[in-house]
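Each value in this text was obtained by applying a stated rule to the coordinates, not by laboratory testing. Keep in mind it's a predicted model, so treat the numbers as computed, not measured. Note that each Cβ is placed from the backbone with ideal geometry, even for glycine, and that neighbours are counted across all protein chains shown.
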């Protein structure tokens with residue numbers, strides 16, 4: 001039998017709360033989660049890799065709507081790799097602009 005993990009263990013591994021993982025599942029960001037005989041969610045190692053990727057997107061302040069778009073594109077397969085890369089690069093530009101604004105504010109505060 002393949003190795004599987006409970007939501008509690010996935011939470012420990014990824015650092016996301018179980019409620020956050022359930023929210024991502026409800027929002028369609030995590031799909032095809034199986035349940036064991038007593039109805040407990042079971043996650044495979046590839047699910048953990050995907051959840052870690054979603055966590056990185058969250059940490060980079062990617063909106064849920066963009067996370068959903070990326071998830072949809074991912075489901076379409078390798079033909080969407082370019083579009084997924086573009087989506088991430090667009091968000092990179094947003095973050096770089098934010099960094100510039102923050103650095104500008106820091107300079108103003110340190111001059112006083």
Working only within segment 23-44, note down all residues that are outside any strand (DSSP E or B), surrounded by 15 or more Cβ atoms within 10 Å (Cβ to Cβ) and in contact with a helix residue (DSSP H, G or I) (Cβ under 7 Å, 6 or more places away or on another chain). 24, 29, 30, 33
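Taking the options 98, 83, 107, name whichever one is exposed (fewer than 11 other Cβ atoms within 10 Å of the Cβ), assigned to a helix (DSSP H, G or I) and more than 16 Å from the chain's Cα centre (by Cα). Reasoning before the result, please.
Values: 98 fails: exposed (fewer than 11 other Cβ atoms within 10 Å of the Cβ); 83 fails: exposed (fewer than 11 other Cβ atoms within 10 Å of the Cβ).
Within the list 98, 83, 107, the selection yields 107.
Specify which of the listed residues (3, 8, 49) is in a helix (DSSP H, G or I) and more than 28 Å from residue 89 (Cβ to Cβ).
8
Just give me the residues in segment 52-70 being in a helix (DSSP H, G or I) and farther than 20 Å from residue 11 by Cβ, in sequence order.
65, 66, 68, 69, 70
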